[in-house]
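The values are calculated or read from the model by the stated rules, or taken from the named source; none is laboratory data. Predicted model, so just to flag it, every value in this text is computed and none were measured. In this analysis, Cβ positions are derived from the backbone assuming ideal geometry, glycine residues included, and neighbour counts consider all displayed protein chains. These area figures cover heavy atoms from the full protein model, side chains too; ligands, DNA and RNA do not enter into them. Shrake-Rupley method; radii C 1.70, N 1.55, O 1.52, S 1.80 Å.
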Amino acid sequence: MTSFTVVARLITRAPRVRASVPTRLVHGTTSTRKEASVCDKASEAQQKVAKKADEGAQTISDAAGNLKDKAKNTAEEAWDKVKDTTEKIKDTVTGKTEETKESIKATAKTVERSMNTKNLK
């Protein structure tokens, strides 16, 4: 036999040794691939939930900001309308007051003339 043939026979007849290596540690113990897969899925689900929660919080924050801006604008518009209405009322009352004042003066002059003409008679 050649040296190659001898080496080949030794390799093929050598006892085979299998070593078991844990695939992943879960809570300090060795786990199977199935347990590791479940753990990975749970971790992914947790990350998805956390991401959705962050997105929801951002959406709520944006909505609150929009509501704040709308409320501010509405309050400013209402205040402007109140000021305009107040100014119109003031102008109307002032105008009527002037008219009334002039009317009273005219009536007083008429009464005075009337009294003077009665006193002369």
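Figures for the structure shown
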{"read-out": "Residues satisfying the stated conditions in segment 101-114, i.e. open to solvent by 70 Å² or more (accessible area, probe 1.4 Å) and hydroxyl-bearing (Ser, Thr, Tyr)", "value": "Thr107, Thr110"}
{"read-out": "Options Thr117, Thr92, Thr86: the member that is modelled with pLDDT of 85 or more and either of a type in the set (S, T, N, Q) or open to solvent by 100 Å² or more (accessible area, probe 1.4 Å) (or both)", "value": "Thr86"}
{"read-out": "Qualifying residue in segment 56-71 (condition: open to solvent by less than 100 Å² (accessible area, probe 1.4 Å), among the β-branched types (Val, Ile, Thr) and modelled with pLDDT of 85 or more)", "value": "yes"}
{"read-out": "Unmet requirement for Lys34, which otherwise passes all of (1) modelled with pLDDT under 80; (2) surrounded by 10 or more Cβ atoms within 10 Å (Cβ to Cβ)", "value": "(2)"}
